[in-house]
1. Magnitude of the Cβ-charge dipole of the stretch 132-197, K/R +1 and D/E -1, about the Cα centre, nearest 20 debye?
2. Report the one residue of I112, G91, A157 whose Cα lies farthest in the direction of the positive end of the charge dipole of the stretch 49-167 (charges on C-beta: Lys and Arg +1, Asp and Glu -1; origin at the Cα centre).
3. Counting just the Cα atoms, what span does the chain cover along each of its three principal axes? Round to the nearest Å and put the largest first.
4. If R₀ is 30 angstrom, what is the calculated FRET efficiency for the pair A56 and D16, using the beta carbon separation as r and rounding to 0.05?
5. Mind putting a number on the dipole of the stretch 125-169 about its Cα centre? Charges go on the C-beta only, +1 for Lys and Arg and -1 for Asp and Glu, and I need it in Debye to the nearest 20.
6. For the chain, with only Lys/Arg (+1) and Asp/Glu (-1) charged at the beta-carbon, what is the dipole magnitude about the Cα centre, in debye rounded to 20?
7. Sort K13, K142, K103, K186 by accessible area with a 1.4 Å probe, largest first.
8. So what's the back-of-envelope 222 nm ellipticity for the chain, counting only DSSP H runs of four-plus at -39500 (n - 2.57) apiece and dividing by all residues, rounded to 500?
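The values are calculated or read from the model by the stated rules, or taken from the named source; none is laboratory data. Please read all numbers here as calculations on a predicted model, not as lab measurements. Virtual Cβ from ideal backbone geometry, glycine too; neighbours counted across all protein chains shown. We work out accessible area using only protein heavy atoms, side chains counted, and drop any ligands, DNA or RNA first. Shrake-Rupley method; radii C 1.70, N 1.55, O 1.52, S 1.80 Å.
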Amino acid sequence: VGTDALRGASVLKQGDAFCILGASGNIAPGPTSLHGIVFEDTRYLSSLVLTIEGAAPMLLSSTVTGESALLEADLSNNDLYAGETLRLPRGSVHIRNTLLLGKNALFQTLDITNYATGHSAFGLELAFAADFIDLFELRGVKRAKHGNRLPPRTGPAELVLAYRGLDSVERRTEIGFAPAPARIAKDTARWLIDLRPGATSTIQIAIHFVHATQPAEATLATTRAM
């Protein structure tokens, strides 16, 4: 991946995994996007997008630390309306978005604090996608054939995106949530946040990169974990 293509992006590295993402912590979707999480030369996550009631939060600051394995982004909400009524004024909510890359997993923590003078209630969503293309195709090589994406599998607190390659190996992106979302669809998780003034709510997400010959086990080079 060329340096020019990475201009403006943040890069996390750990063992056989690396992650290219925006400063806010989002992995931008799109067929030509270089963003994503690549593990053992396969992109296990091609989209990771956080929204508040369908709107992108505004970025306040962002830092990559921990020997390039940790990104911390400070976010807030823009004005949110219900029709013509302002339901959540700009800057009411602060979100600390922390992403920690392990050797075969990504850990995301969302610390959501209400700085408004009254209750703040809103829906918060994370949208996911995994195209499972290999590193060479990510660099522009065209493939005549691909394997098959498998139907997403969902549970009360999990989402599994899977792919069976031409090598007959099943690769999976296994996503776990704590607490469980109010709703999980085939590619999104949605929480209903209701915070009194000054209160904080925390959401944790663990994303494991798994193939058929490897157990779903997160190995971190740091003691920080969920």
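1. Values: 13 positive and 8 negative charges, 47 e Å.
Computed charge dipole of the stretch 132-197: roughly 220 debye.
2. In the stretch 49-167, that residue is A157.
3. Reported extents, whole Å, longest axis first: 56, 38, 37.
4. Working: r = 31 Å, r/R0 = 1.03.
Efficiency, from the Cβ-Cβ distance: 0.45.
5. Working: 7 positive and 6 negative charges, 55 e Å.
For this selection, approximately 260 debye.
6. Numbers: 21 positive and 22 negative charges, 63 e Å.
For this selection, approximately 300 debye.
7. Details: K13 120, K142 180, K103 95, K186 140 Å².
These residues rank, largest area first, as K142, K186, K13, K103.
8. Values: 1 runs with 4 residues, N = 226.
Counting only the DSSP helices, I get 0 deg cm²/dmol.
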